[in-house]
Amino acid sequence: MKGFDEKWLMDYQARIRQSKSESKVVLLSKIEKDAPKKKLSSNQKATNEELVSAWEETKNIRIIGEKFGMRPSSVHERLVKLTGGNLSYKPITEEEKNIIISKYCEYANSGRREKLAKQLGRHPLWLSRKAKEFGLTNYNRPHDWAKSDLENVESEFREIHTLFNDRELSDKFGVSLGTIVKWRKILGLKKPKEGRWSLSPHPRGATGLVISPEHREKLISGIKKAWNDPNHRLNSDEYKQICSNRMMNRKANKPEENPYSRCSGGKRSDLGNVYFRSSWEANYARYLNFLVKHNKISKWEYESDTFIFHEKKRGIRSYKPDFKIWENESSEPYFVEIKGWMDDKSKTKLKYMTKYYPEIKVIIVGESEYKSIRDSVRKMIPEWENVK
């Protein structure tokens, strides 16, 4: 690895270490007044005064966590309680701005963005956000630096890559976590399956602990008892409603999973690398492209709309049609549902659509309709999938 001159950061970092914040004194005095100093409990790794002092010095949750061996989430939780939720993050200085503008591209092009963030005492995500604000990001940035940097440390990396976790390797070689992953891929190396937890131990010391048969039986009996108790929270209407709402939101905001194991779900390169849940749906999309090409329809979309049945509190509460189609730019769209076979769940969805959204037009393309389309156009569409 080539060495880099970091003299331009030395004075800046020294000033950070010497700076004293007025708010630090206020917070420390408040802690001393409201909560007298106590000895650390068995699971505490830092006192309240140490956390506040470190926060005022660094304004960086991650650095504080590394300093005291704590999880960032634990550091944040305690600081929120100590400061009453008033965590004032350090605003960017003019000097930091100048450093980012002058050095970001150099570090990013060589895969050392995290190193620059560490030198600034900031989080890599913060650095990336600021770089984007200053117009320095480049999604087409070349990544051949990973291979060129590896040439200088390949033998050493091969020897020790199983002895440290990725974060430690990243710090040791002064590169990003993504670079470590790329190096493994280039060299054909894999993380060791045996002893992986020894490289990344549990943050609370639970590595290697095994649940005893007695305790496992106690957990199982407790769960069974809870479900068999009609007065338990798991059987309450409120909890069931929470679960129903959670599932409805998941279906509304994420693509539906393929419930039919025999369908050829997957991405099609000729259709913009979009995931279709069956070959029938993919072929129908090709048919719609054929219609667009010959000006029979204006445009179409795949699984773009979700209709919520707000009156329903349980069971089927939403419906996402397969295709949304416009015959021309000024016409109202209609929807098409591809159904090789109609199960009870599908029948219920269509019944609810008729009841709660009578103005929405939904056309069902069943087996006979699909085969009619297939026989008429498949010879004119080279990418058509012929399924037995």
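Observations
- When the stretch 43-94 is limited to residues that are loosely packed, with under 15 Cβ neighbours inside 10 Å, assigned to a loop (DSSP other than H, G, I, E, B) and of a type in the set (A, V, I, L, M, F, W, C), the one that is nearest to the chain's Cα centre (by Cα) turns out to be L87.
- Flag if K361 is free of Cβ contacts under 8 Å to residues at least 24 places away in the same chain, farther than 16 Å from R277 by Cβ and loosely packed, with under 15 Cβ neighbours inside 10 Å: no
- Subset tally (residues that are farther than 24 Å from M248 by Cα and in contact with a strand residue (DSSP E or B) (Cβ under 6 Å, 6 or more places away or on another chain)) for the stretch 336-362: 0
- Test: residue in the stretch 204-217 that is out of contact with any Leu (no Cβ under 7 Å at 6 or more places or on another chain), closer than 25 Å to F157 by Cα, modelled with pLDDT under 85 and in a loop (DSSP other than H, G, I, E, B): no
- Qualifying residue in the stretch 324-333 (condition: under 30 Å from M247 (Cβ atoms) and of a type outside the set (V, I, T)): yes
- Index of the failed condition, M1 passing every other in (1) modelled with pLDDT of 80 or more; (2) under 30 Å from S155 (Cα atoms); (3) not in a helix (DSSP H, G or I): (1)
- Selection within the stretch 324-335 - surrounded by 14 or more Cβ atoms within 10 Å (Cβ to Cβ) and farther than 24 Å from R250 by Cβ: I325, W326, E327, P333, Y334
- Any hit, the stretch 256-267, residues being part of a helix (DSSP H, G or I) and modelled with pLDDT of 85 or more: no
- All positions within the stretch 208-227 that are within 20 Å of Y239 (Cα to Cα) and more than 34 Å from the chain's Cα centre (by Cα): K225
- Taking (1) part of a loop (DSSP other than H, G, I, E, B); (2) under 34 Å from the mean Cα position of the chain (by Cα); (3) loosely packed, with under 13 Cβ neighbours inside 10 Å in turn, P321 satisfies each apart from (3).
- Where G69 falls short, out of the listed (1) modelled with pLDDT under 80; (2) in contact with a Lys or Arg (Cβ under 9 Å, 6 or more places away or on another chain): (1)
- Verdict on N98 being under 15 Å from L120 (Cβ atoms) and buried (at least 19 other Cβ atoms within 10 Å of the Cβ): no
- Candidates K349, K312: the one that is under 34 Å from the mean Cα position of the chain (by Cα), of a type in the set (K, R), surrounded by 11 or more Cβ atoms within 10 Å (Cβ to Cβ) and at pLDDT below 90 is K312.
- Given (1) in contact (Cβ under 8 Å) with a residue 24 or more places away in the chain; (2) in a loop (DSSP other than H, G, I, E, B), index of the condition S330 fails: (1)
- Applying the set (1) in contact with a strand residue (DSSP E or B) (Cβ under 7 Å, 6 or more places away or on another chain); (2) at pLDDT 85 or above to R286 leaves exactly one unmet item: (1).
- Residue that is nearest to R378 (Cα to Cα), among those in the stretch 273-299 that are outside any helix (DSSP H, G or I) and touching an Asp or Glu at 6+ places or on another chain (Cβ under 6 Å): I297
- Those residues of the stretch 335-367 which are farther than 19 Å from R286 by Cβ and not in a helix (DSSP H, G or I), in sequence order: W341, M342, D343, Y357, P358, E359, I360, K361, V362, I364
The values are calculated or read from the model by the stated rules, or taken from the named source; none is laboratory data. What you are looking at is a predicted structure, and each value in this text was computed from that prediction instead of being measured. Every residue, glycine among them, receives a Cβ derived from its backbone with ideal geometry; neighbour counts consider all protein chains shown.
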